[in-house]
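Undergrad: Could you have a look at this structure, given as structure tokens, before my questions?
The values are calculated or read from the model by the stated rules, or taken from the named source; none is laboratory data. Predicted model only: the values in this text are computed from it and were never measured. Every residue, glycine as well, gets a Cβ built from its backbone with ideal geometry; the counts of neighbours run over all protein chains shown. We work out accessible area using only protein heavy atoms, side chains counted, and drop any ligands, DNA or RNA first. Shrake-Rupley method; radii C 1.70, N 1.55, O 1.52, S 1.80 Å.
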Amino acid sequence: MIRAALAALLTSLLVAACGGGGPAAETPLPEAPQMQGVATDALAPEQRSIDITVKGRSGLARTASSILSGTAYEVTLDQLEGPYLLASARSEGRFVHALVTQPGVANLTPLSTLVVAQLLQADPDTFFENLGAQGGVPAVTDAQIQAAQEQVAYHLWRRLGLDWRGSASFTTTAFTPQAGDPMFDRLRSLQSALAAQGRDMAGLVTELLAQAGRCQGLRVAVLRDAQRRDLCPQARSTGNDPLDLDTVIHRFEDVFGDTLTLRVRTGVLSSVVLEHEGLSWRCDGTGCAGIRIGAPDERGERLIDLTDLSLQAADGRSARLSGQLLAAAGGRSFPPLECSDNRVWLIPDSGAISGYCGDAPAAFTSGRLRQIYLLTDLQGADPRRVELTVADRSVVSVSVWQREGETDRVSHRCLGAACSGVSVSAADADDWRQVVLDDTPLPAVDATGAPSGGEGLRLRATMTVQDERQNFATTCGFGEGGVLAKPSDEGLLIEVCKASQAAMDEWGVYDLVTHRLLGPGHEVYSIGTALVRREGADWSAADNLQLETRSGVVSRVVFRRRDGQRFSCEGAAACAGVSVSAPDGDGVVTLSYVELVLTERTRGQLPGDRTLRLNGSYTMPPL
């Protein structure tokens, strides 16, 4: 038996060695994983062509443009590892998103977009764009996605009256985008509910993220009916009961209108009342075991600790509360804000606290080493903005601008070390920073920036901002003459001169080398350049130096840098170090600078802390 088996094996080997037996069967390559589904906002007329872009935890992004129908798609995930984040542009720039852990079905709808926002706690459009093409999707699980969906469903129930709690997956449940399909009807209901309140998806995403941000801070867990819900205050107030001035009322309210009210009479807790999901729960006096109200801090605020505090409803059911809250100072209340970042509270020494959600913060250079961050309220009846100037991470100044009549001016300002409570994070790889102002004190100032003696305020704010990058290179001509400017906080010199021929060839150049008469005996000499691309679509202003004389005496010198910095001197005494020669035979004059020192004027024409030193000369044509 064994001999026969060995003989058979030897025979097969010999046949193979001689090329017998025909060609070897090819092993089929495994098919690349696929993602398919529907992309619709259930609002716009469906497009006949859509792009679906998929990004993964690693690997290059994939985009599919081949369309199966107006809403259906299919995309290959070759060499892309999950989890996967998908995006599709709908009409008028709207995007829908989805996040899944594995290949298969992924529907991109407003509901799946809300789940992405809740899970990532970030605006989906911005998060997707910032990923780039190299991956980086967070490692999430199906359980986390389902938990995020339940939070979204709860929010929709409380805010829009749409009860889809406990539903199948908003993302992976297959559906047909037509009336009568349960999922599609939900999408239509969502859009109708938003329209009825005069709202849109962008506002709903912002509201959802604001609530998620509040729930990252001090909050109370409400445990009842075997479920947990967090009360995350967006408004809080402290005041005396008008009918019993010995009683202090601490009140907290969340975005859903739920409230927690504590009454303290002559320093002793008298009751706690929770209004939650339309029901009332309470405890009284000594029955309120498990709560501690701390002493007021330097702001007058009190930390409240709740540890398994038991409350009873009228029907006998109980609820238990655990967590921490921060009670407002006596007589003060913080207005609710529909944002968790890029927000400002202005806390005056007395009177009502005001606040606003700012537009996207703006950043501007102020020389090579400084950044100015602006957080502006453009929606209020009284436009305001907060301005923070930093040198790397050190505070230079903090200012509050307010509208007075038809003009804006700095109403409150602090400088340097006096700006306590400010923290600026290190910039990340894309130059983004987190900025926090924690009750930064700002005295009232007059039009010159000096303390006015008026009521001061404290500033409580957060912002996420991206540093601006500016090209400070100077293009100079040959034989034209020029001036070297030396800022007091920089090591590099600034060349102030005309543009080179090379720049003129690439750009259309409007020369700002001018000599003009503003009035009798009032002459102005300017040197600088404005560079305008030939197609007229882009322009860049170079540095500009302007000298003024009145009756032949220097009256003012102003240096304006391309990013808005301004340095100047006023009057012959302050401008000592500059001279204007008598005209030569052709009427040409020479302007000479020898160690002329200019002082900084900040935005609003307030005095700054830097100087600029000028040396050099150049000629000017006659009038």
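Undergrad: For residues that are assigned to a helix (DSSP H, G or I) and surrounded by fewer than 15 Cβ atoms within 10 Å (Cβ to Cβ), tally how many sit in segment 148-174.
TA: First pass over segment 148-174, keeping only residues assigned to a helix (DSSP H, G or I): 148-160.
Subsequent filtering for residues that are surrounded by fewer than 15 Cβ atoms within 10 Å (Cβ to Cβ) retains none.
Selection size over segment 148-174: 0.
Undergrad: Does G604 fit the bill of being open to solvent by less than 50 Å² (accessible area, probe 1.4 Å), without any contact (Cβ under 8 Å) to a residue 24 or more places away in the chain and closer than 29 Å to C414 by Cα? Before you say what the answer is, go through the steps one by one.
TA: Values: open to solvent by less than 50 Å² (accessible area, probe 1.4 Å): yes; without any contact (Cβ under 8 Å) to a residue 24 or more places away in the chain: no; closer than 29 Å to C414 by Cα: yes.
When the stated conditions are applied, G604 does not pass them.
Undergrad: Among the residues of segment 200-231, write down those that are in contact (Cβ under 8 Å) with a residue 60 or more places away in the chain, closer than 20 Å to V273 by Cα and out of contact with any strand residue (DSSP E or B) (no Cβ under 8 Å at 6 or more places or on another chain).
TA: D225
Quick grid of which residues meet (1) at pLDDT below 85; (2) under 31 Å from the mean Cα position of the chain (by Cα); (3) among the hydrophobic types (A, V, I, L, M, F, W, C):
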| position | (1), (2), (3) |
| --- | --- |
| T53 | no, yes, no |
| R57 | no, yes, no |
| L60 | no, yes, yes |
| S65 | yes, no, no |
| T76 | no, no, no |
| E81 | no, yes, no |
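Undergrad: Exactly one of (1) part of a strand (DSSP E or B); (2) modelled with pLDDT under 90 is unmet by D308. Its number?
TA: (2)
Undergrad: One residue is enough: does segment 580-589 have a residue meeting the conditions closer than 30 Å to L374 by Cβ and either open to solvent by less than 50 Å² (accessible area, probe 1.4 Å) or in a strand (DSSP E or B) (or both)? Working first, answer last.
TA: Our first condition is that a residue be closer than 30 Å to L374 by Cβ; within segment 580-589, this holds for none.
Scanning segment 580-589, I find no residue that is closer than 30 Å to L374 by Cβ and either open to solvent by less than 50 Å² (accessible area, probe 1.4 Å) or in a strand (DSSP E or B) (or both), so the answer is no.
Undergrad: Output the number of residues of segment 175-199 satisfying the condition of being among the basic types (K, R) and either part of a helix (DSSP H, G or I) or more than 31 Å from the chain's Cα centre (by Cα) (or both). Talk me through it step by step, then tell me what you get.
TA: First pass over segment 175-199, keeping only residues among the basic types (K, R): 186, 188, 199.
Narrowing the set further to residues that are either part of a helix (DSSP H, G or I) or more than 31 Å from the chain's Cα centre (by Cα) (or both) leaves 186, 188.
Residues that pass the stated criteria total 2.
Undergrad: Just the residues that are open to solvent by 20 Å² or more (accessible area, probe 1.4 Å) and touching a helix residue (DSSP H, G or I) at 6+ places or on another chain (Cβ under 6 Å), please, taken from segment 335-352.
TA: Within segment 335-352, E338, S340 qualify.
Undergrad: When residues of segment 225-242 are filtered for being at pLDDT below 90 and within 18 Å of R320 (Cβ to Cβ), how many remain?
TA: 3
Undergrad: Given E595, E535, which one is exposed (fewer than 15 other Cβ atoms within 10 Å of the Cβ) and at pLDDT below 95? Steps first, please.
TA: Values: E595 fails: at pLDDT below 95.
That would be E535, the only listed residue that is exposed (fewer than 15 other Cβ atoms within 10 Å of the Cβ) and at pLDDT below 95.
Undergrad: Residue by residue through segment 288-305, note down the ones that are in a loop (DSSP other than H, G, I, E, B), touching a residue at least 12 places away in the same chain (Cβ under 8 Å) and either touching a Cys at 6+ places or on another chain (Cβ under 7 Å) or open to solvent by less than 50 Å² (accessible area, probe 1.4 Å) (or both).
TA: Passing the criteria: C288, G290, G300, E301.
Undergrad: Please name all residue pairs, on different chains or six or more residues apart, with Cβ atoms under 6 Å, provided the first residue is in segment 232-247 and is more than 15 Å from R302 (Cβ to Cβ) and the second residue is open to solvent by less than 90 Å² (accessible area, probe 1.4 Å) and among the polar types (S, T, N, Q).
TA: D241/T247
Undergrad: Could you please find all residues in segment 377-412 being over 22 Å from L337 (Cβ atoms) and in contact with an Asp or Glu (Cβ under 9 Å, 6 or more places away or on another chain)?
TA: A391, V396, S397, V410
To keep it simple, each residue is scored yes or no on (1) at pLDDT below 95; (2) open to solvent by 20 Å² or more (accessible area, probe 1.4 Å); (3) touching a Pro at 6+ places or on another chain (Cβ under 8 Å).
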| residue | (1), (2), (3) |
| --- | --- |
| Y356 | yes, no, no |
| Y373 | no, no, yes |
| A381 | yes, yes, no |
| V390 | no, no, no |
| S394 | yes, yes, no |
| V398 | no, no, no |
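Undergrad: For the list (1) open to solvent by less than 60 Å² (accessible area, probe 1.4 Å); (2) at pLDDT 80 or above, I need the number of the one condition that Q47 fails.
TA: Looking at each condition in turn, Q47 falls short on (2).
Undergrad: Quick one: A360 ticks every box in (1) within 29 Å of D543 (Cβ to Cβ); (2) over 23 Å from the mean Cα position of the chain (by Cα); (3) aliphatic (A, V, I, L, M); (4) loosely packed, with under 14 Cβ neighbours inside 10 Å bar one, so which box is it?
TA: Tallying (1) within 29 Å of D543 (Cβ to Cβ); (2) over 23 Å from the mean Cα position of the chain (by Cα); (3) aliphatic (A, V, I, L, M); (4) loosely packed, with under 14 Cβ neighbours inside 10 Å, A360 fails exactly one: (2).
Undergrad: If you take the residues in segment 562-579 that are in a strand (DSSP E or B) and over 30 Å from R385 (Cα atoms), which one is least open to solvent (accessible area, probe 1.4 Å)? It would help to see each step written out before you state the result.
TA: Going residue by residue through segment 562-579, those that are in a strand (DSSP E or B) are 566-570, 578-579.
Cutting the leftovers down to over 30 Å from R385 (Cα atoms) gives us 578-579.
On the way: V578: 21, S579: 61 Å².
Only one residue tops the list, namely V578.
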